[in-house]
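Shown next, in C-alpha coordinates, is the structure this report addresses.
The values are calculated or read from the model by the stated rules, or taken from the named source; none is laboratory data. Keep in mind the model is a prediction, meaning the values are calculated, not measured. For neighbour counting, all protein chains shown are included, and Cβ atoms are generated from backbone atoms with ideal geometry for every residue, glycine included. Note: areas computed on protein heavy atoms with side chains; ligands, DNA, RNA excluded. Shrake-Rupley method; radii C 1.70, N 1.55, O 1.52, S 1.80 Å.
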Amino acid sequence: MFEEAQYFAPVAAQADGSVVVELSASHPGFADPVYRSRRNAIAGLAVNYQPGTPIPIAEYTEQEHGVWATVTRELGIKHAKYATAEYLDGAARLGLPQERIPQLEEVSQLLEPLTGFRYLPAAGLVPLRDFYGVLADGFFHSTQYIRHHSVPFYTPEPDVIHEVIGHANALAHPRYAALYRLAGQAARRVEGEEALEFVSKVFWFTMEFGVMQETGELKAYGAGILSSYGEIEEFRGMDIRPLDLSAMGTTHYDITKYQDVLFRAESVQHLEDVVGDFWDTCDDDSIAKLVAARV
Ligand SMILES: [Fe+2]
(Lines give C-alpha, C1' and ligand atoms only; values in the text may rest on other atoms or scores of the structure.)
Protein backbone atom coordinates (compact mmCIF):
# COMPACT_ATOMS: atom_id res chain seq x y z
CA MET A 1 0.00 0.00 0.00
CA PHE A 2 1.13 3.54 -0.65
CA GLU A 3 1.70 5.68 2.38
CA GLU A 4 0.74 9.20 1.54
CA ALA A 5 -2.72 10.34 2.50
CA GLN A 6 -3.60 12.42 -0.50
CA TYR A 7 -3.55 9.45 -2.86
CA PHE A 8 -6.11 7.52 -0.95
CA ALA A 9 -9.60 8.74 -1.63
CA PRO A 10 -10.95 9.93 1.74
CA VAL A 11 -13.44 7.58 3.35
CA ALA A 12 -16.23 9.09 5.44
CA ALA A 13 -18.55 7.16 7.73
CA GLN A 14 -22.08 8.58 7.67
CA ALA A 15 -24.44 8.94 10.61
CA ASP A 16 -26.58 6.06 9.30
CA GLY A 17 -23.59 3.71 9.35
CA SER A 18 -22.97 3.80 5.60
CA VAL A 19 -19.57 4.68 4.16
CA VAL A 20 -18.79 7.14 1.37
CA VAL A 21 -15.55 7.20 -0.64
CA GLU A 22 -14.79 10.70 -1.90
CA LEU A 23 -13.31 10.20 -5.37
CA SER A 24 -11.74 13.30 -6.88
CA ALA A 25 -13.18 14.75 -10.09
CA SER A 26 -10.14 13.49 -12.00
CA HIS A 27 -10.65 9.87 -10.91
CA PRO A 28 -11.61 7.64 -13.87
CA GLY A 29 -14.61 6.34 -11.94
CA PHE A 30 -15.84 9.73 -10.72
CA ALA A 31 -18.82 9.93 -13.10
CA ASP A 32 -19.76 6.24 -12.88
CA PRO A 33 -22.49 5.87 -10.22
CA VAL A 34 -22.38 2.07 -10.31
CA TYR A 35 -18.64 2.02 -9.66
CA ARG A 36 -18.97 4.61 -6.90
CA SER A 37 -21.70 2.67 -5.19
CA ARG A 38 -19.52 -0.44 -5.23
CA ARG A 39 -16.54 1.51 -3.92
CA ASN A 40 -18.68 2.67 -1.00
CA ALA A 41 -19.82 -0.87 -0.28
CA ILE A 42 -16.28 -2.27 -0.45
CA ALA A 43 -14.93 0.46 1.86
CA GLY A 44 -17.77 -0.38 4.25
CA LEU A 45 -16.53 -3.97 4.45
CA ALA A 46 -13.17 -2.80 5.75
CA VAL A 47 -14.58 -0.15 8.09
CA ASN A 48 -16.87 -2.73 9.70
CA TYR A 49 -14.34 -5.59 9.66
CA GLN A 50 -13.83 -7.44 12.92
CA PRO A 51 -10.26 -8.77 13.35
CA GLY A 52 -10.09 -12.51 13.66
CA THR A 53 -13.08 -13.09 11.37
CA PRO A 54 -12.91 -14.05 7.68
CA ILE A 55 -12.51 -11.05 5.37
CA PRO A 56 -15.93 -10.24 3.85
CA ILE A 57 -16.39 -10.94 0.16
CA ALA A 58 -16.13 -7.92 -2.15
CA GLU A 59 -18.47 -7.96 -5.13
CA TYR A 60 -16.79 -7.42 -8.49
CA THR A 61 -18.35 -7.21 -11.93
CA GLU A 62 -17.39 -9.37 -14.88
CA GLN A 63 -15.77 -6.27 -16.38
CA GLU A 64 -13.59 -5.93 -13.28
CA HIS A 65 -12.60 -9.58 -13.35
CA GLY A 66 -11.68 -8.90 -16.97
CA VAL A 67 -9.44 -6.02 -15.90
CA TRP A 68 -7.63 -8.37 -13.53
CA ALA A 69 -7.22 -10.99 -16.27
CA THR A 70 -5.88 -8.43 -18.75
CA VAL A 71 -3.45 -6.85 -16.32
CA THR A 72 -2.31 -10.24 -14.98
CA ARG A 73 -1.56 -11.45 -18.48
CA GLU A 74 0.30 -8.33 -19.57
CA LEU A 75 2.25 -7.91 -16.33
CA GLY A 76 3.16 -11.60 -16.39
CA ILE A 77 4.93 -11.08 -19.72
CA LYS A 78 6.84 -8.15 -18.28
CA HIS A 79 7.63 -9.94 -15.01
CA ALA A 80 9.38 -12.71 -16.92
CA LYS A 81 11.75 -10.07 -18.24
CA TYR A 82 12.04 -7.58 -15.41
CA ALA A 83 11.24 -9.23 -12.05
CA THR A 84 13.83 -10.78 -9.74
CA ALA A 85 14.13 -14.55 -9.43
CA GLU A 86 12.76 -14.43 -5.87
CA TYR A 87 9.65 -12.55 -6.94
CA LEU A 88 9.04 -14.99 -9.80
CA ASP A 89 9.59 -17.90 -7.45
CA GLY A 90 7.11 -16.41 -4.96
CA ALA A 91 4.55 -15.87 -7.71
CA ALA A 92 4.93 -19.46 -8.92
CA ARG A 93 4.49 -20.81 -5.42
CA LEU A 94 1.52 -18.55 -4.60
CA GLY A 95 -0.41 -19.40 -7.76
CA LEU A 96 -2.81 -16.44 -7.85
CA PRO A 97 -5.86 -16.89 -10.06
CA GLN A 98 -5.28 -15.55 -13.56
CA GLU A 99 -8.80 -14.93 -14.78
CA ARG A 100 -10.59 -13.41 -11.79
CA ILE A 101 -9.87 -11.15 -8.85
CA PRO A 102 -9.14 -13.26 -5.79
CA GLN A 103 -10.85 -12.38 -2.54
CA LEU A 104 -8.40 -11.22 0.15
CA GLU A 105 -9.38 -14.20 2.29
CA GLU A 106 -8.31 -16.47 -0.55
CA VAL A 107 -5.00 -14.60 -0.86
CA SER A 108 -4.44 -15.21 2.86
CA GLN A 109 -5.16 -18.90 2.46
CA LEU A 110 -2.65 -19.19 -0.36
CA LEU A 111 0.00 -17.09 1.38
CA GLU A 112 -0.12 -18.27 4.98
CA PRO A 113 1.24 -21.78 4.35
CA LEU A 114 4.19 -20.25 2.47
CA THR A 115 5.40 -17.48 4.78
CA GLY A 116 2.77 -17.02 7.49
CA PHE A 117 1.44 -13.74 6.10
CA ARG A 118 -2.28 -12.94 6.05
CA TYR A 119 -4.16 -10.02 4.54
CA LEU A 120 -6.29 -7.47 6.40
CA PRO A 121 -8.84 -5.26 4.62
CA ALA A 122 -8.21 -1.49 4.50
CA ALA A 123 -10.79 1.07 3.39
CA GLY A 124 -8.10 3.58 2.47
CA LEU A 125 -5.13 5.08 4.23
CA VAL A 126 -3.93 3.17 7.27
CA PRO A 127 -1.85 5.20 9.77
CA LEU A 128 1.86 4.47 9.29
CA ARG A 129 2.38 2.93 12.70
CA ASP A 130 -0.51 0.52 12.24
CA PHE A 131 0.29 -0.32 8.63
CA TYR A 132 3.91 -1.15 9.37
CA GLY A 133 3.47 -2.40 12.92
CA VAL A 134 1.27 -5.35 12.00
CA LEU A 135 3.84 -6.53 9.44
CA ALA A 136 5.77 -7.73 12.50
CA ASP A 137 2.86 -10.09 13.22
CA GLY A 138 2.57 -11.26 9.62
CA PHE A 139 -0.39 -9.11 8.61
CA PHE A 140 -0.62 -6.94 5.51
CA HIS A 141 -3.24 -4.19 5.16
CA SER A 142 -4.74 -4.16 1.69
CA THR A 143 -7.37 -2.25 -0.21
CA GLN A 144 -10.01 -4.42 -1.92
CA TYR A 145 -11.33 -2.20 -4.70
CA ILE A 146 -10.07 -2.41 -8.25
CA ARG A 147 -9.34 0.42 -10.68
CA HIS A 148 -12.02 1.62 -13.08
CA HIS A 149 -12.52 -0.71 -16.04
CA SER A 150 -12.20 2.15 -18.55
CA VAL A 151 -8.44 2.38 -17.90
CA PRO A 152 -7.13 -1.08 -17.03
CA PHE A 153 -3.50 -0.01 -17.00
CA TYR A 154 -3.90 3.08 -14.85
CA THR A 155 -4.87 3.74 -11.27
CA PRO A 156 -4.43 6.95 -9.27
CA GLU A 157 -4.53 4.98 -6.00
CA PRO A 158 -3.24 1.62 -4.76
CA ASP A 159 -5.86 -0.97 -5.71
CA VAL A 160 -6.16 -4.72 -5.29
CA ILE A 161 -3.92 -5.26 -8.33
CA HIS A 162 -1.11 -3.37 -6.64
CA GLU A 163 -1.74 -4.94 -3.24
CA VAL A 164 -1.96 -8.52 -4.44
CA ILE A 165 0.05 -8.80 -7.66
CA GLY A 166 2.69 -6.39 -6.36
CA HIS A 167 2.90 -7.37 -2.71
CA ALA A 168 1.51 -10.90 -2.26
CA ASN A 169 3.85 -12.39 -4.86
CA ALA A 170 6.76 -10.82 -2.97
CA LEU A 171 5.36 -11.85 0.42
CA ALA A 172 5.24 -15.42 -0.89
CA HIS A 173 9.04 -15.59 -0.90
CA PRO A 174 10.53 -16.28 2.55
CA ARG A 175 13.45 -13.88 2.17
CA TYR A 176 11.25 -10.94 1.18
CA ALA A 177 8.64 -11.87 3.79
CA ALA A 178 11.37 -11.78 6.45
CA LEU A 179 12.28 -8.25 5.34
CA TYR A 180 8.64 -7.10 5.60
CA ARG A 181 8.52 -8.51 9.13
CA LEU A 182 11.72 -6.70 10.09
CA ALA A 183 10.25 -3.42 8.77
CA GLY A 184 7.27 -4.02 11.06
CA GLN A 185 9.51 -4.65 14.04
CA ALA A 186 11.39 -1.43 13.30
CA ALA A 187 8.14 0.54 13.13
CA ARG A 188 7.13 -0.87 16.51
CA ARG A 189 10.55 -0.10 18.04
CA VAL A 190 11.00 3.53 17.03
CA GLU A 191 9.21 6.14 19.11
CA GLY A 192 9.46 9.44 17.25
CA GLU A 193 7.48 10.34 14.17
CA GLU A 194 10.63 11.36 12.31
CA ALA A 195 12.19 7.97 12.94
CA LEU A 196 9.00 6.22 11.84
CA GLU A 197 8.97 8.24 8.64
CA PHE A 198 12.59 7.27 8.00
CA VAL A 199 11.70 3.59 8.41
CA SER A 200 8.77 4.01 6.01
CA LYS A 201 10.89 5.77 3.41
CA VAL A 202 13.43 2.96 3.48
CA PHE A 203 10.50 0.61 2.89
CA TRP A 204 9.29 2.81 0.05
CA PHE A 205 12.64 2.71 -1.75
CA THR A 206 13.04 -1.05 -1.21
CA MET A 207 9.88 -3.15 -0.90
CA GLU A 208 7.82 -0.66 -2.94
CA PHE A 209 10.33 0.62 -5.50
CA GLY A 210 13.47 -1.45 -5.05
CA VAL A 211 15.62 -2.68 -7.92
CA MET A 212 18.37 -5.28 -7.80
CA GLN A 213 21.31 -6.39 -9.86
CA GLU A 214 20.88 -9.97 -11.00
CA THR A 215 23.19 -11.86 -13.37
CA GLY A 216 24.32 -8.67 -15.04
CA GLU A 217 20.87 -7.14 -15.46
CA LEU A 218 18.81 -4.70 -13.43
CA LYS A 219 15.64 -6.34 -12.12
CA ALA A 220 12.80 -5.05 -9.96
CA TYR A 221 11.46 -6.49 -6.72
CA GLY A 222 9.45 -3.47 -5.51
CA ALA A 223 5.67 -3.93 -5.56
CA GLY A 224 5.09 -0.45 -6.94
CA ILE A 225 7.16 -1.14 -10.04
CA LEU A 226 5.98 -4.70 -10.54
CA SER A 227 2.28 -3.73 -10.41
CA SER A 228 2.64 -0.79 -12.80
CA TYR A 229 2.28 -1.53 -16.49
CA GLY A 230 4.04 1.70 -17.45
CA GLU A 231 6.66 1.99 -14.73
CA ILE A 232 7.99 -1.52 -15.26
CA GLU A 233 9.14 -0.49 -18.74
CA GLU A 234 10.84 2.65 -17.46
CA PHE A 235 12.75 1.76 -14.31
CA ARG A 236 16.01 0.85 -16.03
CA GLY A 237 16.23 4.38 -17.39
CA MET A 238 15.81 6.10 -14.04
CA ASP A 239 18.48 7.64 -11.81
CA ILE A 240 19.80 4.43 -10.22
CA ARG A 241 21.78 4.96 -7.01
CA PRO A 242 23.62 2.60 -4.68
CA LEU A 243 21.75 1.25 -1.66
CA ASP A 244 22.29 3.90 1.02
CA LEU A 245 20.24 4.12 4.19
CA SER A 246 20.80 7.84 4.81
CA ALA A 247 19.80 8.67 1.26
CA MET A 248 16.74 6.38 1.15
CA GLY A 249 15.47 7.56 4.53
CA THR A 250 15.66 11.23 3.61
CA THR A 251 14.94 11.38 -0.14
CA HIS A 252 11.64 13.01 -1.00
CA TYR A 253 9.32 11.13 -3.32
CA ASP A 254 6.28 12.15 -5.31
CA ILE A 255 3.74 9.38 -5.56
CA THR A 256 1.91 11.02 -8.48
CA LYS A 257 4.83 10.50 -10.84
CA TYR A 258 7.05 7.64 -11.86
CA GLN A 259 9.82 7.27 -9.32
CA ASP A 260 12.83 8.85 -10.99
CA VAL A 261 15.33 8.03 -8.22
CA LEU A 262 15.72 4.34 -7.44
CA PHE A 263 18.16 2.47 -5.20
CA ARG A 264 19.89 -0.70 -6.36
CA ALA A 265 20.79 -3.65 -4.19
CA GLU A 266 23.58 -5.81 -5.57
CA SER A 267 21.89 -9.03 -4.42
CA VAL A 268 19.26 -10.26 -1.97
CA GLN A 269 22.06 -10.85 0.50
CA HIS A 270 23.15 -7.23 0.10
CA LEU A 271 19.57 -6.06 0.70
CA GLU A 272 19.37 -8.22 3.81
CA ASP A 273 22.75 -7.06 5.08
CA VAL A 274 22.03 -3.35 4.65
CA VAL A 275 18.27 -2.91 4.97
CA GLY A 276 17.38 -6.04 6.93
CA ASP A 277 20.05 -5.34 9.53
CA PHE A 278 18.95 -1.70 9.70
CA TRP A 279 15.33 -2.64 10.43
CA ASP A 280 16.50 -5.33 12.84
CA THR A 281 18.51 -2.95 14.98
CA CYS A 282 17.47 0.66 14.36
CA ASP A 283 16.18 2.98 17.04
CA ASP A 284 15.54 6.71 17.29
CA ASP A 285 19.20 7.45 18.06
CA SER A 286 20.68 5.42 15.23
CA ILE A 287 18.20 6.97 12.80
CA ALA A 288 19.05 10.48 14.00
CA LYS A 289 22.70 9.70 13.19
CA LEU A 290 21.75 8.51 9.70
CA VAL A 291 19.75 11.69 9.11
CA ALA A 292 22.69 13.81 10.31
CA ALA A 293 25.07 11.90 8.05
CA ARG A 294 22.98 12.91 5.07
CA VAL A 295 23.03 16.64 5.75
FE1 LIG B 1 2.26 -0.87 -1.70
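Based on the Kirkwood radius over alpha-carbon pairs, what value in µm²/s does the Stokes-Einstein equation return for the translational diffusion coefficient of the stretch 112-163 at 10 °C and 1.306 mPa s?
Details: Rh = 12.2 Å.
Roughly 131 µm²/s, to the nearest whole number.
Near the amide H of Glu214, within less than 5 Å, lie the amide hydrogens of Lys219, all on another chain or at least 5 residues away, with H placed in the peptide plane. The radius of gyration of the Cα set in the stretch 240-295, together with its Dmax, comes out at 12.2, 32 angstrom.
Sparse packing (at most 10 other Cβ atoms within 10 Å of the Cβ) combined with a DSSP loop state is found for the following trypsin sites (Lys or Arg not before Pro) in the stretch 189-295: Lys257. Kirkwood hydrodynamic radius computed over the stretch 1-125 comes to 16.6 Å, based on all pairs of distinct alpha carbons. If you average the C-alpha positions of the stretch 89-108 and of the stretch 169-208 separately, how far apart do those two centres end up, in angstrom? Spelled out, the Cα-based centre of one part sits 23 Å from the other.
Once a ≥ b ≥ c are taken as the square roots of the eigenvalues of the Cα gyration tensor of the stretch 108-207, is the result rounded (a/c under 1.5), prolate (a/b larger than b/c) or oblate (a/b not larger than b/c)? Oblate, because a/c is 1.5 or more while a/b does not exceed b/c. All C-alpha to C-alpha distances of the chain, sorted into 10 Å bins beginning at zero, yield P(r) values of 6, 29, 37, 22, 5, 0 percent in whole numbers. Against the main long axis of the alpha-carbon atoms of the chain, helix 85-94 sits at an angle near 30°.
Tell me the relative contact order for the chain as a rounded percent, counting alpha carbon contacts under 8 Å between residues six or more apart. It comes to 18 percent, rounded to a whole number.
What is the stretch 176-295 by shape, rounded, prolate or oblate, if you read a ≥ b ≥ c off the alpha carbon gyration tensor as root eigenvalues and call it rounded for a/c under 1.5, prolate for a/b larger than b/c, and oblate otherwise?
Values: a/c = 1.79, a/b = 1.54, b/c = 1.16.
In terms of gyration-tensor shape, prolate.
How big is the charge dipole of the stretch 65-171 about its Cα centre, in debye rounded to the nearest 20, if each Lys and Arg gets +1 on its Cβ and each Asp and Glu gets -1 on its Cβ?
Details: 8 positive and 12 negative charges, 55 e Å.
Using Cβ point charges on Lys, Arg, Asp and Glu, the stretch 65-171 gives about 260 debye.
About the Cα centre, and with charges only on the beta carbon of Lys, Arg (+1) and Asp, Glu (-1), how big is the dipole of the stretch 6-76? Nearest 20 debye, please. Numbers along the way, then the final one.
Values: 4 positive and 7 negative charges, 18 e Å.
Value, rounded to 20: 80 debye.
The angle between the Cα long axis of helix 193-203 and the longest principal axis of the Cα atoms of the chain comes to about 90 degrees, rounded to the nearest 10.
Which value, to two decimals, describes the C-alpha radius of gyration of the stretch 157-205 once divided by 2.2 N^0.38 Å?
Working: Rg = 12.2 Å, N = 49, 2.2 N^0.38 = 9.7 Å.
That ratio works out to 1.27.
From the square roots a ≥ b ≥ c of the eigenvalues of the alpha-carbon gyration tensor of the stretch 86-146, which class results: rounded (a/c under 1.5), prolate (a/b over b/c), or oblate?
Here the stretch 86-146 falls in the oblate category.
For every helix of n ≥ 4 consecutive DSSP H residues, a contribution of -39,500 (n - 2.57) applies; sum these over the chain, divide by its total residues, and give [θ] at 222 nm rounded to the nearest 500 deg cm²/dmol. Mean residue ellipticity, 222 nm, calculated: -12000 deg cm²/dmol. Amide H contacts of Gln144: Ala122, each under 5 Å away and 5 or more positions distant or on a separate chain (H built 1.01 Å from N in the peptide plane; Pro and chain starts excluded).
Protein heavy-atom accessible surface, 1.4 Å probe, per residue over the chain: 41 Å².
How many lysine pairs does the chain hold where the Cα atoms are under 22 Å apart and the two sit 8 or more places apart or on different chains?
Details: Lys78/Lys219; Lys78/Lys257; Lys81/Lys219; Lys201/Lys219; Lys201/Lys257; Lys201/Lys289; Lys219/Lys257.
Lysine pairs meeting both conditions in the chain amount to 7.
Rolling a 1.4 angstrom probe over the chain with all protein chains present gives an accessible area of which 53% lies on carbon and sulfur atoms. The angle between the Cα long axis of helix 62-82 and the main principal axis of the chain comes to about 20°, on a 0 to 90 degree scale.
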